[in-house]
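Here the structure comes first, spelled out in C-alpha cells, and everything after it is commentary.
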Amino acid sequence: MGRAAAKYPDDTETAAFYALALAAAADPADKTYVDQLKAGAILEKLWEALPDHPGLAHYIIHSYDVPALASRALAAARRYARIAPSAPHALHMPSHTFTRLGYWQDSIGTNVLSAAAARKEGQLGEELHALDYQVYAYLQTGQDRAAKRVVDSLPQIAPRFDPNLVAGAAPGSAGVFALAAIPARYAMERGAWAAAAKLDVHASRFPFADAMTWFARAVGSARTKDVAAARAAIDELQKLTDSLTQAGERYWAEQVAIQRLDATAWLALAEAKPDEALSTMRTAAEREDATEKSAITPGPLAPARELLGEMLLQLKQPKPALAEFEATLAREPNRFRALSGAATAALQAGDRARQLIKICARADVPARADLTAARRIAMRTSK
C-alpha cells in the first residue's frame, strides 16, 4: 500500500487505505505509536479537505484507538455517527473513542442506536458487538439493571446468530466474543464471584472468546476459595493458550496467557501464598502493560493492575494498592472498580470517591455496596 500511495499521491482512497494498513499492522508492543501517528497524520490531512468522508472518520478512530492517543480521535468520533446515521457500524465506532476516554453515557447512547440499527438490518454480529460495548459502559456507571436486560436478551439472539454469515462490518468472531464476554463482564464487574465461577461455557472455534468464560470461572472460583475449580479453569486457559500458539495467533495467545497468570495469582492467594500471589500478579500486570487491547473488545474483563490493587487491599497494603489503581485509571479512565479501589485505598480518598459518584449519576437504586461506600467517604472528606 505504501508503494501505491507513493505512486498515486493525489488519490484519496489509496492514501486512506495505506493509513488504515499502517494502523492495522502496528505492533501492539510499540509504545511510541509511530505507525498509528503516521496513519493519523495522513488521515487528518485528508479529513480537513473531506470532512464528510465516512471512511476517513472511521479510520481516524481506529488509528488512535490506544489510551495515549484516543483524545486525538474525539472530533472524528463526534462527527462520524452524523455522517452515516443509519449505518450500524458507523453508529458504533465513536464508542471506541468514548470508551478509551471514559465517556460512558456517550458510549451507551451511540451503542443503543447502533444495536437498534443492526437489529433492524438483521446484522446480529454487529448488534452483539455494540451490546458488548454498551454493557461495559453500563457496568462502569452502576447501571446494573440495564446491563442485566442485555444479558437476559442473549438467549434470544444466540440461536439466530451464525458467525459464518457476516452481514455487517463486524466479523463473526466479534459476535462470538460478545456472547462470551457480556455474561462474564456482568459477573466480574459487580464482584459477583460465585456467579462468575458458575458461568456456562459455550465452546466455539475462537479460543480467545472461550477464554473469557474460563477466565471469569477461574478468578471467580479462586476468590470464593474453590481451589479445585480454579485450578481446573486455569488448566483450560493453558489449553487455549497452547491452541492459539499452535495456530500462530501470537497476540491472542499472549492475552490468554496474561489471563492465566491473573487467575493463578488469585489461586495462590486462596492457598495462603501471598508472596507468590503478588509476584505472579505483578508479572501479569507488566505483560499487560506491554500490549494493547483488540478493537473487538471495549476492555479486559479485569485489568491486571486493577486486580493487583484489589489483591494489595486484601493484604492490607493500601498505599501500593492506590498506585496500582491510579495506574489503571491512567490507561482505563473512569473504570468503576479502579475508582472504587482508589477511593478505598487513598489517604485522601474524597477526590476519587466524588469522581465515582459523578460518573454513576444514573446508577441503580439501591446502588452497589462500593458506590454506597464511596458516598460515605465523600461525605466524611467534605466536612
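The values are calculated or read from the model by the stated rules, or taken from the named source; none is laboratory data. Computed from a prediction, not measured in an experiment: that's the story for all the values here. Please note: Cβ atoms are built from the backbone with ideal geometry, for glycine as well, and neighbour counts cover all protein chains shown.
Does segment 30-42 contain at least one residue that is closer than 27 Å to Trp252 by Cβ, surrounded by 21 or more Cβ atoms within 10 Å (Cβ to Cβ) and in contact with a Gly (Cβ under 6 Å, 6 or more places away or on another chain)? Quick ask: steps written out before the conclusion?
Going through segment 30-42, the residues closer than 27 Å to Trp252 by Cβ turn out to be 30-40.
Filter again for surrounded by 21 or more Cβ atoms within 10 Å (Cβ to Cβ), leaving 36, 39-40.
Add one more test, that the residue is in contact with a Gly (Cβ under 6 Å, 6 or more places away or on another chain), and what stays is none.
No, segment 30-42 has no match at all.
Which residues, taken from segment 347-367, are crowded, with 16+ Cβ neighbours inside 10 Å, part of a loop (DSSP other than H, G, I, E, B) and either among the aromatic types (Phe, Trp, Tyr) or at pLDDT below 80 (or both)? Reasoning before the result, please.
Step one: of segment 347-367, the residues crowded, with 16+ Cβ neighbours inside 10 Å are 349-350, 352-357, 359-360, 363-364, 367.
Among the residues that remain, those that are also part of a loop (DSSP other than H, G, I, E, B) are: 349, 360, 363-364, 367.
Scanning segment 347-367 gives a single hit, Ala349.
For segment 183-237: of the residues being closer than 21 Å to Thr297 by Cβ and among the basic types (Lys, Arg), which is farthest from the chain's Cα centre (by Cα)?
Per the stated criteria, the residue is Arg205.
When you scan segment 1-27, how many residues do you find that are surrounded by 14 or more Cβ atoms within 10 Å (Cβ to Cβ), touching a helix residue (DSSP H, G or I) at 6+ places or on another chain (Cβ under 7 Å) and not small (Gly, Ala, Ser)?
6
Taking the stated definitions as given, is Glu276 farther than 28 Å from Val151 by Cβ, within 21 Å of the chain's Cα centre (by Cα) and not polar (S, T, N, Q)?
No: the conditions fail for Glu276.
Test Leu56 against the stated conditions and say whether it is among the hydrophobic types (A, V, I, L, M, F, W, C), under 25 Å from the mean Cα position of the chain (by Cα) and farther than 30 Å from Pro303 by Cα.
Details: among the hydrophobic types (A, V, I, L, M, F, W, C): yes; under 25 Å from the mean Cα position of the chain (by Cα): yes; farther than 30 Å from Pro303 by Cα: yes.
Criteria met by Leu56.
Inspect segment 330-346 for any residue being modelled with pLDDT under 95, outside the structural domain of Ala209 (by TED's automatic domain parsing), surrounded by fewer than 16 Cβ atoms within 10 Å (Cβ to Cβ) and out of contact with any helix residue (DSSP H, G or I) (no Cβ under 7 Å at 6 or more places or on another chain) and give the result as yes or no.
no
Condition test on Arg305, is it charged (D, E, K, R), at pLDDT below 95 and either buried (at least 23 other Cβ atoms within 10 Å of the Cβ) or over 21 Å from the mean Cα position of the chain (by Cα) (or both)? So that I can check it myself, show each step before the final result.
Working: charged (D, E, K, R): yes; at pLDDT below 95: no; either buried (at least 23 other Cβ atoms within 10 Å of the Cβ) or over 21 Å from the mean Cα position of the chain (by Cα) (or both): yes.
No; evaluated as a whole, the condition is false for this residue.
With the structure loaded, tell me whether Arg282 is crowded, with 24+ Cβ neighbours inside 10 Å and out of contact with any strand residue (DSSP E or B) (no Cβ under 6 Å at 6 or more places or on another chain) or whether it fails that test. Step through it out loud before you land on a result.
Numbers: crowded, with 24+ Cβ neighbours inside 10 Å: no; out of contact with any strand residue (DSSP E or B) (no Cβ under 6 Å at 6 or more places or on another chain): yes.
So Arg282 fails the test.
Go through segment 188-231 and report how many residues are among the charged types (D, E, K, R) and either in a loop (DSSP other than H, G, I, E, B) or in contact (Cβ under 8 Å) with a residue 60 or more places away in the chain (or both). Show your work before the answer.
Residues of segment 188-231 that are among the charged types (D, E, K, R), as a first pass: 189-190, 198, 200, 205, 210, 217, 223, 225-226, 231.
After this cut, where a residue has to be either in a loop (DSSP other than H, G, I, E, B) or in contact (Cβ under 8 Å) with a residue 60 or more places away in the chain (or both) as well, the list is 189-190, 198, 200, 205, 225-226.
So the count comes out to 7.
Pick out the one residue from Thr241, Thr245, Thr297 that is without any contact (Cβ under 8 Å) to a residue 40 or more places away in the chain and either buried (at least 17 other Cβ atoms within 10 Å of the Cβ) or touching an Asp or Glu at 6+ places or on another chain (Cβ under 6 Å) (or both).
Working: Thr245 fails: either buried (at least 17 other Cβ atoms within 10 Å of the Cβ) or touching an Asp or Glu at 6+ places or on another chain (Cβ under 6 Å) (or both); Thr297 fails: without any contact (Cβ under 8 Å) to a residue 40 or more places away in the chain.
Among Thr241, Thr245, Thr297, only Thr241 is without any contact (Cβ under 8 Å) to a residue 40 or more places away in the chain and either buried (at least 17 other Cβ atoms within 10 Å of the Cβ) or touching an Asp or Glu at 6+ places or on another chain (Cβ under 6 Å) (or both).
State whether one or more residues within segment 234-247 are under 25 Å from Gly309 (Cα atoms), in a helix (DSSP H, G or I), of a type in the set (Lys, Arg) and at pLDDT 95 or above.
No, segment 234-247 contains no residue that is under 25 Å from Gly309 (Cα atoms), in a helix (DSSP H, G or I), of a type in the set (Lys, Arg) and at pLDDT 95 or above.
Looking at segment 7-27, can you tell me whether even one residue there is farther than 30 Å from Glu249 by Cβ and basic (Lys, Arg)?
yes
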